[in-house]
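*Asks:* Structure below; questions to follow.
Rule-based calculations on the coordinates, nothing more; no lab input. As the structure is a prediction and not an experimental result, all values here were calculated from the model. Neighbour counts run over all protein chains shown; Cβ positions are idealised from the backbone, glycine included.
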Amino acid sequence: MDVKNLKAVLFDLDGTLINSHEIDKLTFIELLKEELGLDVTEKDFGHYTGTPVPKILMHFTSEEKAYALTDAWVKHKLNFKGEMDLYPGVLDMLQKLKETGLKLAIISSQLYEERVKIYSRFDLEKYFDSWITSDQTEHSKPHPEPVLKTLERLGVAPQEAIMVGDTFNDMEAGRRAGTFIGAALWGFGDKEQIYSYHPDLIFNQVSELDSLSLLAEKNIQPE
């Protein structure tokens, strides 16, 4: 499909805008060791890239215990200093898209408490019209619910939006919701899985996302 007349760009967060792979990996390994006495590896963590925290923990303990440990996960993650940062060029890219008049949103597998901390740390609030976390919907990506809920909030039809992310969860959620999909290849998702969804657009580096401004619907105006 030809991508054109866009009104909105929906972003994944981890691995797309923020490089949090190292901090997520350390949180995973340390939490399971301290709370459950389990020795897990970096390879084990790789199986759950892009998966909401409670669902990750349910692979190792009961559903009740998994939800009880969710707060501990957030505290562990936020205690790591200097392990999480925006990818170079993200703020410039967001500013350019915002000036075009495009509506911007984040659909993340993170939890709401993490969102609050990240908002304040990176001053992201001014760029986004919507931000949905995994604990704000019944279903998380790859289910289309978070995408459809975001589109409803923005007042945008699926064919007027593109979902940009680095994992198969993002690709499938966008496809099932009826949006265009764009692959962010600098992230830590499995590239073969991403290509299997035949993304409408492929981005090799953050600066290439600037091109979305050229695909915006011509009659929208910056707010």
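*Asks:* How large is Rg/Rh for the stretch 21-79, to two decimals, with Cα atoms and a Kirkwood Rh?
*Replies:* Radius of gyration over Kirkwood radius for the stretch 21-79 works out to 0.90.
*Asks:* Under 5 Å between amide H atoms, partner at least 5 residues away or on a different chain: which partners does ASP85 have, H built in plane at 1.01 Å?
*Replies:* Here ASN19 satisfy the definition.
*Asks:* What's the longest piece of the chain with no exposed trypsin sites (Lys or Arg not before Pro), counting a site as exposed if DSSP puts it in a loop and it has at most 10 other beta carbons within 10 Å?
*Replies:* In the chain, the maximal stretch lacking such sites is 82-217.
*Asks:* Let me ask another. Across the Cα atoms of the stretch 162-204, what radius of gyration and what greatest pairwise Cα-Cα distance (Dmax) are found, in Å?
*Replies:* Just the Cα atoms of the stretch 162-204 yield Rg and Dmax of 8.6, 24 Å.
*Asks:* Please report the relative contact order for the stretch 21-79, taking Cα pairs under 8 Å with a sequence separation of at least 6, and give it as a percent rounded to a whole number.
*Replies:* 36
*Asks:* Kindly write out, for the stretch 126-141 in residue order, the coupling ³J(HN,Hα) from the Karplus curve 6.51 cos²θ - 1.76 cosθ + 1.60 (θ = phi - 60°), rounded to whole Hz, with x marking Gly and Pro.
*Replies:* 5, 8, 10, 8, 7, 8, 10, 9, 5, 8, 10, 9, 5, 10, 10, 3
*Asks:* Each residue of the stretch 4-16 in order: what ³J(HN,Hα) in whole Hz does its phi give by Karplus 6.51 cos²θ - 1.76 cosθ + 1.60, θ = phi - 60°, with x for Gly and Pro?
*Replies:* 7, 6, 6, 10, 8, 10, 9, 9, 6, 9, 5, x, 10
*Asks:* Further question on the same structure: Compute the distance in nm between two label points, each set 7 Å from the Cα along the Cα-to-Cβ direction, one at SER62 and one at GLN205.
*Replies:* The answer from the label model is 5.2 nm.
*Asks:* Determine the sum of side-chain charges near ALA66: Lys and Arg each +1, Asp and Glu each -1, restricted to other residues whose C-beta is under 14 angstrom from that of ALA66.
*Replies:* The answer is -3.
*Asks:* Pairs of Cα atoms under 8 Å, at least six residues apart: use those to get the relative contact order of the stretch 84-223, whole percent.
*Replies:* 25
*Asks:* Evaluate the Kirkwood expression for the hydrodynamic radius of the stretch 63-186, namely the inverse of the mean inverse distance over all pairs of different C-alpha atoms, and round to one decimal in Å.
*Replies:* Evaluated on the stretch 63-186, it is 15.6 Å.
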